[in-house]
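Colleague: Before we start, here is the structure in question, set down as C-alpha cells.
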Protein chains: 2
Amino acid sequence: MEKQHSIAEALRTALGSDAVLSDPADRWTYGYDNSRAQAMPLAVALPSDTAGVRRVVQVCRRFRAPLTVRGRGTGTTGAAVPDEDGVVLSMERMAAVLSVDAANRVAVVQPGVTNGALQAAAGAAGFFWPPDPGSAEYCTVGGNLACNAAGPRALKYGTPRDNTLGIEAVTGEGRIIRAGCYTTKGVVGLDLTRLLIGSEGTLAVITEATLKLTPLPEAITTVRAAYTDMHTAAAAVSRIMSQPVVPRVLEFLDSAALALLRARDAGDLPAGAGALLMIEADGLAEQLPAAVNALQRAAAGDGLLEWRAAADPAEAASLWAARKALSPALRSLAPKKINEDVVVPVSRIPELTDGLATLAEKHCVRIVSFGHAGNGNLHVNVLGEEADLERMQACVDEVFRLVLALQGTLSGEHGIGRSKRAFVGLEIDAPTLALMWRLKDVFDPDGILNPGKALPDRPAGG
Amino acid sequence: MEKQHSIAEALRTALGSDAVLSDPADRWTYGYDNSRAQAMPLAVALPSDTAGVRRVVQVCRRFRAPLTVRGRGTGTTGAAVPDEDGVVLSMERMAAVLSVDAANRVAVVQPGVTNGALQAAAGAAGFFWPPDPGSAEYCTVGGNLACNAAGPRALKYGTPRDNTLGIEAVTGEGRIIRAGCYTTKGVVGLDLTRLLIGSEGTLAVITEATLKLTPLPEAITTVRAAYTDMHTAAAAVSRIMSQPVVPRVLEFLDSAALALLRARDAGDLPAGAGALLMIEADGLAEQLPAAVNALQRAAAGDGLLEWRAAADPAEAASLWAARKALSPALRSLAPKKINEDVVVPVSRIPELTDGLATLAEKHCVRIVSFGHAGNGNLHVNVLGEEADLERMQACVDEVFRLVLALQGTLSGEHGIGRSKRAFVGLEIDAPTLALMWRLKDVFDPDGILNPGKALPDRPAGG
C-alpha cells in the first residue's frame, strides 16, 4: 500500500496527475488480456509522448517496479498482464498516424494506433500494412510489433518483421534508441529493429515505428476447395506453395471443424468433405483469371471434391461463412478451450493432424484445428469441460513435443507471454537461451521490463 | 614471429596440419578483398565443420587474436580484410548445399557455398534464393548473410534478412547457438537470426543457414524506358512503386552514365535520353502482358521518350547491353574510383542526383550514378586520378551528409567494413551505438571477432 502510494505519486509528478490512474477499479481494468489471466497493477501510466515514456521507465527503475506495456490487451498468452507489484504503461494517448508518405510507401505511427486506424489512413492513399491479426480492428500496431503478430496475409506479404523499417524505443535504462531507417534497404549498424519486434516488451518500450506499406491490390478472388481428407488437402497445399503464384491467403479447416459446422448446419459444406481450403488470389483484375487457373491446376489432384471460385463479393462472403462460423461454434462447444498456434513445415501437416487425432483420443479431449495452411501455422484448439483441464494441459504438452519432433515451432504469431514459457526450453537450447538472457540484461539491466514473459526462467548462474 | 609460430601450431593441433596455412605466400592471398585494402594474417584456418570452427574460435580466444571470417573476398568495404595480428577463417571447406526441400521451400547450406551453386541446386528443384549480388556466381552465401548483401531482385523479393529462416553460429566465446526455425512463421525467443545477418562477422561465425526459397517465375519481360532527364525518370519510379505490380528489378542509369556510354558508342541509346530505367516484370507467361501494361501506364508521363519491351531474350540482352557496358567503361575512365551504395527515399532521388552534380562541380571530380532505383539504392561512383584522391574523399564525405539530410542511409548492401566506420556516427546516435557495442560484448566479450569493422570506435567509457 505504501509502495502503491509512492509509485503513483512519483508517476503523477513525472506525467501530471491526469495521466496516472490509481483507483483500484481503474487498475483492475488494465490487468487482463485475452488469455484469461489477470493481475491488478499498482498504477496505470498514460504518457503522451516519448519523453513521458522515458519518465515512466525512470520511475519504475527507481522503484525497481515491473513495467508492462499495454496496447489493447488482445494477446492470448498473458504478455500484457502486469505484475501485481508493477506498473502498466498504456499507449492509448500515443495513438497517432504521424504520416503516410505515398511516394515512398512509408507510414510513421505511434504504437497505440489501432491496426484498423492505420489501415484506414494507408487505404486512403491506396496502400495497406500487411499484418492482419484476427483482432485487427481493435488491436494496436505496437502490440502487433511486440508479438510479431501476423495473420493470414503473412503468407504472401510477410509478418511485422518484414514490414517494419525502423523503430524508436526507450530501453530499460531509460535511454532513447533509434534503429533502422526510412528506406527499404539499409545495412548500417546492428538490426535492432527486428530484435525488438517479437520481444514482447522485454527489451524496450517501442515509442514510434516506421512501417513499410504495400499498394492495395486491384482485385481479389476467393475460392473454396474441398477435399475428402486432410492428407489430400495437405498435399494440395504443398503443390500450391511450390508454384510461382503465391496466394494472398491459404487457410484450412480440418475434419473436426467441418463436423462441428455440419452439426450446426452452418457453412453450406459440400458432401463428403473431410478438409476445406480457403484460397484467395489478388492482383490486377486482368491478371486474376490466370492466377486462379494456376492455383486450380496446383490444387487439382487426389481427393479434390469441389473447386468453387466466387463470382462476386457476395459469393465470396458466403464461402467464408464456414470459417467465420467456426470460432463462435467452438466457443459454445465446450466451456474450456486452449488455443495454440503451432507451426510445422507444410509437408508435415498430415503427420501433425494424424498425431492430433491420436492425442485427442489418448487424452479424451476434443481437438479442432484450422489456420494458415500455407505457412504450416495451425490453430490447434483443445476443448473440454472445467474438470478436463488437467487432461487438456497434458495433451497440449504432448502437442508441443509432437510439433518439435516434426521440425516445427511452438508459436507462429501468438507468442510466448506467460503461458508458454515452460516450453521454450524444449525448442531453444541452453546456450542460445543463456545468450538471449544476457542480451536482455543489456537492454534492461534491472529486469523491470515485463518480467516473467517471453523467456523461461533464467538458468542458474546465468 | 613467435606469436605467428605458436598460433599456427595451436591451430594445427586443433584442426590437423592440412587445415592450416602459414606460409607467407598463402597468407597473403587471404588478406584482401574488393576494397583494395590488404593485410597479411598470422595464419589461415580451413575448418571442415562447426566443431572445427569452434576450435578455431577457442584458439583465437586463448591468444586474444583477431579472427576474420572469409567467404570469397568479394566485399567492397574491407570487412573480410584481416588484422595483421590475427587469423583468417576461410569457409572454403564448408561449402555444401546440405538439403533442398522443395515441399517446404527450404534449403539448408553451409556458409562457404557460392550463391551460384545454391541457385543451381535450388533451380533444379524449380526455386531460387532471391539475393543476387553482382558477384553471385563467385561470392558465398555466408558472405551474403554477413553483409545482408542483396542486389536488384531485392525490390520484389527482399534481402537476406527477408529470406533466411534460421542460423547456426559460433559466438566469440566458442558457444554454438541455434536461432530461428525451419518454418516461415516463428516467434519463439529473440530474433538472433536477423541480428546476425548484416553484422559483418563481429558477433558470431555463421556455420549453417536455413534459407527460404521462392519458386522460379515462369517468364520474365525486360523493358527499357528512356526519359529526357533524371527528374522525370525519378517521378516515374515513384509512380511505378505506388501501383500494385512490383517489378522484379527497376534499375536506372543517370545522365553522366549515358554520356559515358555515348562517348564509347555503346548501348544503342535513344537520342536525347538523359536517364534510363531498366525494368523487368516476372510471373506466369499468361499474366505478363497485363503486368507490363500496368507498368507502362505508370511509367507514362512527362519526359518519357521511349518504352521498349523486349520481344525475346535476344532483344532483352541487347537492352541490358548499356547497363553491362557501364562498369568496364567506368574502370577505364579514371584510375581511381570510390563506389558508395547510398540509399534515399525514392521521392528524393532527384534531390540526390541534383546534389551530386553540384558536389562533382564543387570538388572538380566526376560522378556517375546508377543502381536500384526502386529501392532508392544508388551506386554513386566518384572518379578521378591518383592526385585527386583527397578531393574525391572530401566529396564522398559531403555525399554522405547529403544522403542523411534526405532521410537516407549510408549503405544499402555493401555494408560498413573498414571503409565507412568513420561515418556511422553521423547516421546512428550515440546512445544507440553504445547499446550496439554492449550487445557485441555479449557475443564476443574479448573482442576477437572482426575488430575494427562495422561499428565505429567504441565511445570513451562505453
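The values are calculated or read from the model by the stated rules, or taken from the named source; none is laboratory data. Source: prediction; values computed, not measured. Glycine also receives a Cβ, built like all others from the backbone with ideal geometry; neighbour counts cover every protein chain displayed. Accessible surface areas use protein heavy atoms only, side chains included; no ligands, DNA or RNA. Shrake-Rupley method; radii C 1.70, N 1.55, O 1.52, S 1.80 Å.
Colleague: If you average 1/r over all unlike Cα pairs in segment A:58-203 and invert the result, what Kirkwood radius do you get in angstrom? Don't skip to the answer; put the middle values down first.
Modeller: On the way: mean 1/r = 0.0630 Å⁻¹.
Taking every pair of different Cα atoms in segment A:58-203, averaging 1/r and inverting gives 15.9 Å.
Colleague: Figure the gain on full extension for B:LEU333 and B:ARG36 (residue separation times 0.36 nm, minus the Cα-Cα span) and round it to one decimal in nm.
Modeller: Details: separation 297, 0.36 × 297 = 106.92 nm, distance 1.81 nm.
That pair, B:LEU333 and B:ARG36, stretches by 105.1 nm at full extension.
Colleague: Sticking with this one: Compute, for chain B, the length of the dipole vector about the Cα centre, with Cβ point charges of +1 (Lys, Arg) and -1 (Asp, Glu) only. Units Debye, rounded to 20. Don't skip to the end; give the middle numbers.
Modeller: Details: 45 positive and 51 negative charges, 134 e Å.
About 640 debye.
Colleague: Rounded to the nearest percent, how much of the accessible area of the protein assembly as shown (1.4 Å probe, protein heavy atoms only) is carbon and sulfur? List each step's numbers first, then the result.
Modeller: Values: 16250 of 31800 Å².
Carbon plus sulfur share of accessible area: 51 percent.
Colleague: Something else: Give me the 1.4 Å probe accessible area per residue for chain A, excluding ligands and nucleic acids, in Å².
Modeller: Roughly 34 Å² per residue, with all protein chains present.
Colleague: Another one. Taking H as built 1.01 Å from N, whose amide H comes closer than 5 Å to the amide H of A:ARG72, not counting residues under 5 places away?
Modeller: So A:ARG72 has HN proximity to A:THR140.
Colleague: Run lengths n ≥ 4 of DSSP H only: what is the helix-derived mean residue ellipticity at 222 nm for the protein assembly as shown, with -39500 (n - 2.57) per run over all residues, to the nearest 500?
Modeller: Theoretical 222 nm ellipticity from helices: -11000 deg cm²/dmol.
Colleague: For B:ILE338, B:ILE416, what's the largest-to-smallest order of accessible area, 1.4 Å probe? Mind showing how you got there, number by number?
Modeller: Values: B:ILE338 25, B:ILE416 0 Å².
So, going from the largest accessible area down, we get B:ILE338, B:ILE416.
Colleague: Step through the table entries B:LYS156/B:LYS453; A:LYS156/A:LYS185; B:LYS337/B:LYS420; A:LYS185/B:LYS440; B:LYS362/B:LYS453; A:LYS212/B:LYS453, compare each Cα-Cα distance with 26 Å, and write down the pairs that go over it. Provide the component values of the computation, followed by the final result.
Modeller: Values: B:LYS156/B:LYS453 30 Å; A:LYS156/A:LYS185 20 Å; B:LYS337/B:LYS420 15 Å; A:LYS185/B:LYS440 23 Å; B:LYS362/B:LYS453 31 Å; A:LYS212/B:LYS453 29 Å.
Result: B:LYS156/B:LYS453; B:LYS362/B:LYS453; A:LYS212/B:LYS453 exceed 26 Å.
Colleague: Please work out how much accessible surface A:LEU216 shows to a 1.4 Å probe, ignoring ligands, DNA and RNA, in Å² rounded to 10.
Modeller: 70 Å²
Colleague: Rounded to the nearest 0.05, what FRET efficiency do A:GLU286 and B:ASP354 give with R0 = 41 Å and r taken as the Cβ-Cβ distance? Could you check? Don't skip to the answer; put the middle values down first.
Modeller: Working: r = 37 Å, r/R0 = 0.91.
Once rounded, the FRET efficiency stands at 0.65.
Colleague: Measuring label to label, 7 Å along Cα→Cβ, what does A:ALA96 give against each other copy in nm, shortest first?
Modeller: 5.7
Colleague: Taking each residue in B:120-128, count the Cβ atoms of any other chain within 10 Å of its Cβ, then average. What number comes out?
Modeller: Values: counts 0, 0, 0, 0, 0, 1, 3, 2, 0.
Going residue by residue through B:120-128 and averaging, the value is 1.
Colleague: Note down the accessible area of B:VAL20, probe 1.4 Å, to the nearest 10 Å².
Modeller: Roughly 10 Å² of B:VAL20 is accessible to a 1.4 Å probe.
Colleague: Further question: Report, by chain and number, residues whose modeled amide H sits under 5 Å from the one on A:LEU165, excluding near sequence neighbours (fewer than 5 apart, same chain).
Modeller: Result for A:LEU165 returns A:THR210, A:LEU211, A:LYS212.
Colleague: What percent does the relative contact order of segment A:140-192 come to when contacts are Cα pairs within less than 8 Å and at least six residues apart? Each step should come with its number before you reach the end.
Modeller: Values: 42 pairs, mean separation 11.4, N = 53.
Relative contact order here is 21 percent.
Colleague: Only Cα pairs under 8 Å and at least 6 apart count here; give the relative contact order of segment B:88-183 as a rounded whole percent.
Modeller: Values: 147 pairs, mean separation 17.9, N = 96.
It comes to 19 percent, rounded to a whole number.
Colleague: What is the angle, in °, between the Cα long axis of helix A:115-124 and the longest principal axis of the Cα atoms in chain A? Nearest 10 is fine, range 0 to 90.
Modeller: Once rounded, the angle reads 70 degrees.
Colleague: For the pair B:ARG458 and B:GLU315, how long in nm is the line joining their label points, each one 7 Å along Cα→Cβ?
Modeller: Those two pseudo-labels are separated by 6.1 nm.
Colleague: What FRET efficiency comes out for B:ALA120 versus A:ALA405 if R0 is 30 angstrom and r is the Cβ-Cβ distance? Round to the nearest 0.05.
Modeller: Numbers: r = 32 Å, r/R0 = 1.07.
With a Förster radius of 30 Å, E is 0.40.
Colleague: So if we plug the beta-carbon distance of A:ASP446 and A:ALA394 into 1/(1 + (r/R0)^6) with R0 = 25 Å, what FRET efficiency do we get, rounded to 0.05?
Modeller: 0.10
Colleague: Right, next: I need the inter-copy label distances for B:ASP397: point set 7 Å along Cα to C-beta, values in nm with one decimal, smallest first.
Modeller: So the distances to the same position in the other copies read 6.6 nm.
Colleague: What is the set of long-range amide H partners of B:GLY283 at a cut-off below 5 Å, with H atoms built 1.01 Å from backbone N?
Modeller: Close amide H contacts, sequence-distant or interchain: B:GLU218, B:ALA219.
Colleague: Quick one: 3J(HN,Hα) in Hz for segment A:139-155, Karplus 6.51/-1.76/1.60 with θ = phi - 60°, rounded, Gly and Pro as x.
Modeller: Once θ is set to phi - 60°, the couplings for segment A:139-155 become 6, 9, 5, x, x, 4, 5, 4, 9, 6, 6, 10, x, x, 5, 4, 3 Hz.
Colleague: Partner chain Cβ atoms within 10 Å, averaged over the residues of A:236-244 - can you pull that number for me? Let's see the in-between values first.
Modeller: Numbers: counts 0, 1, 4, 1, 0, 6, 9, 5, 12.
The per-residue average across the peptide is 4.
Colleague: Could you please put A:TYR138, A:TYR32, B:TYR227, B:TYR30 in sequence from largest to smallest accessible area, using a 1.4 Å probe? Write out the running numbers ahead of the final one.
Modeller: On the way: A:TYR138 120, A:TYR32 95, B:TYR227 0, B:TYR30 35 Å².
Ranked from most to least accessible, the order is A:TYR138, A:TYR32, B:TYR30, B:TYR227.
Colleague: Another one. For segment B:1-66, build the charge dipole from Cβ charges (+1 Lys, Arg; -1 Asp, Glu) around the Cα centre, then report which of B:LEU21, B:PHE63, B:GLY31 sits farthest towards its positive end.
Modeller: Of B:LEU21, B:PHE63, B:GLY31, it is B:PHE63.
Colleague: Measure nothing fancy, just the Cα-based angle from helix A:2-15's long axis to the longest principal axis of chain A, in degrees from 0 to 90, nearest 10.
Modeller: 90 degrees
Colleague: Take peptide A:283-294, look around each residue's Cβ out to 10 angstrom, count Cβ atoms belonging to other protein chains, and average those counts.
Modeller: Mean shielding by partner chains, rounded to a whole number: 5.
Colleague: At 7 angstrom along the Cα-to-beta-carbon line, where would the label on A:ASP441 sit relative to the other copies? Give the distances in nm, shortest first.
Modeller: Once sorted, the set of distances for A:ASP441 reads 1.1 nm.
Colleague: If you line up the long axis of helix B:313-333 against the longest principal axis of chain B, both from Cα atoms, how many degrees apart are they, to the nearest 10?
Modeller: Computed tilt is about 70 degrees.
Colleague: Could you work out how much longer the chain between B:LEU98 and B:GLU9 gets when fully extended? Use 0.36 nm per residue separation minus the Cα distance between them, nm to one decimal.
Modeller: Details: separation 89, 0.36 × 89 = 32.04 nm, distance 3.12 nm.
Length gained, B:LEU98 through B:GLU9: 28.9 nm.
Colleague: At a threshold of 8 angstrom on Cα-Cα distance, excluding pairs fewer than six apart, so keeping six or more, what relative contact order does chain A reach in percent? Display every interim value, and only then the final one.
Modeller: Details: 1012 pairs, mean separation 68.4, N = 462.
15 percent.
Colleague: Counting Lys and Arg as +1 and Asp and Glu as -1, each charge on the Cβ, what is the dipole of segment A:192-299 about the Cα centre in debye, to the nearest 20? Before the final figure, lay out the partial values.
Modeller: Numbers: 8 positive and 11 negative charges, 46 e Å.
That gives segment A:192-299 a dipole magnitude of about 220 debye.
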